[in-house]
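Read the figures in this text as sums done on the coordinates, not as results from a lab. Treat the numbers as computed from the prediction; the structure is a model and nothing was measured. Don't worry about glycine lacking a Cβ; one is built from the backbone with ideal geometry, like all the others, and counts go over all protein chains shown.
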Amino acid sequence: MRGGRLLLTLSFSLLVLSTQAEEGARGWLERMTQAFQQQNYRGVLIYGDGQEWQTLAITHAVIDGVEQEKLQHLTGLPREMVRHGHDIVCIHPGDHSPRLNSELSNPLHGFSRVMDIDDGQYHFTLGNVERIAGRFAQRLQVTPVDADRYGYQLWLDQVTGLLLRSDLLNHQQQVLERFQFAQIEIGPDIPATAFEPDDQGHKLTLYPVSPDHEQISTADIGWLPGWVPSGFHITAVIQAGSPQPQVAAEQKDDSGAMSKLPVRLMYSDGLAAFTLFIDPVSQEHLPEMTSRWGATAAVVRYREHSSAEADGDNQSRLRVTVVGELPADTMIRIATSVVPAALAEQNTDSANSALSAAEE
C-alpha cells in the first residue's frame, strides 16, 4: 500500500513539474514575441543549412510607435530592405520584383507568431543556459507531437527574451537550418536616419500582406486545400486583382462561383509555415516534382480544371505549388488535396466532425 501511495505521489509530482515547465516555456515564448516588436537591436546574423551560408546586417527599432527595420545582405548580390510599419521598400540590383516574404525578408520573422500556436501541436521544455553572441541565453526545446512538422531548438536572451539562435530539426534530430547572431547590441538608441534606404539599385515598393489583426476571408477563392495539418491557419491571401505584380485571370469553379487566379495562400501554425500557389496554366511549363534544398521543400502538382467556362485546353489546368519548411510527405498531401472550395469545406467539416467524435 505504501509503495502504491509513493508511486502515485511521485507520478503526481512529475505531472506538476511538467506542467510548470510547459508554463515556464510559454512565458519565454511570450517574451520572445514582445521582444521582436518592442526591442531596439542591431547586429550581424548568419543563417544557412550547412551547405550554404548567408550573412545579414539587421537594424530594428520602434520610433514614434512605428516599427522600423533595415536589412542589408553582406554576402551575394548587394540587396537591402527597409520596412516602416507594414510598408516595405527593397533596393535590388536586378530588374525583376522580388516576392514578398522572399529572400529579402528577415528570416527571424517566422518566429513572430509563436503565441498563435494551438495547444497540442508541440511540447516545450526548458534546457540549459548557454552563451550566444556574447550574451547568456535560455535554451528552449520545441518538439512536434506528429510527423507533419519539424522541431526547433531556440536560444532566447535571458534579459530581453530576444531570439539569438534557432535550429530547425528533422525527426532524426539533425539540424536542417540554423539562424544565429554572431554579433548583437540590444537596447541602443537608433535614429530615424538609420532606416533610410540607399539610392543605388532599383527601388521596389512591395505591398504588405493582410495585417495579423484583420479577418482574412477566402470567400472569393474557387480552389482551396481539402487538408492541412492540424493547427495551421491562413495568415495572408494574395489574389489576382490585388495590388500585386500578378496577371489576373478570372474563372468560375464547378459551382459557378467567381474566383480570381492566380492566388497565393500563406499558412502558419505559429512556428512552421508554408505558402500555397494556385496558378492557371495553358500548358505544363514545369513537370510535377518534389524538391528540397536545405530546410525548404517545394512540391509541384497539376489539377484538372473542369469548368464549363474553359475554352478547350486554354487555362483548363491548375498548377499547385507548395513551398515551405515542412516534411515532403506533408507538402505532397497538401498539394494533392486542392479541390474546388465547396468540396474543401465539406472535407474540413467532415474532419472536424470525426475529430469531435473521437474526443468524445
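Across the range 28-34, rounded Karplus estimates of 3J(HN,Hα) from the backbone phi angles (6.51 cos²θ - 1.76 cosθ + 1.60, θ = phi - 60°) give 5, 4, 5, 4, 5, 4, 5 Hz, Gly and Pro being marked x. Close amide H pairs (under 5 Å, H built 1.01 Å from N) link LEU74 with THR55, LEU56, ALA57, residues at least 5 positions away or on another chain.
Suppose the chain between GLU304 and GLN174 were pulled fully straight at 0.36 nm per residue; how much longer would it get relative to their current alpha carbon spacing?
On the way: separation 130, 0.36 × 130 = 46.80 nm, distance 3.81 nm.
That works out to 43.0 nm of additional length.
Listed values for the range 72-83 are Karplus-derived 3J(HN,Hα) couplings in whole Hz (6.51 cos²θ - 1.76 cosθ + 1.60, θ = phi - 60°), namely 10, 6, 9, 10, x, 5, x, 10, 8, 9, 10, 10, and x replaces Gly and Pro.
What FRET efficiency would be calculated for the residue pair ARG292, ASP118, taking the C-beta separation as r and a Förster radius of 25 Å, to the nearest 0.05? That pair, ARG292 with ASP118, gives E of 0.40. Computed 3J(HN,Hα) for the range 35-47, one whole-Hz value per residue from the Karplus formula 6.51 cos²θ - 1.76 cosθ + 1.60 where θ = phi - 60°, is 5, 4, 8, 10, 7, 8, 7, 8, x, 10, 10, 10, 9, glycine and proline marked x. Taking amide H as placed 1.01 Å from N in the peptide plane, the amide H of ILE190 sits under 5 Å from none that are at least 5 places away or on another chain.
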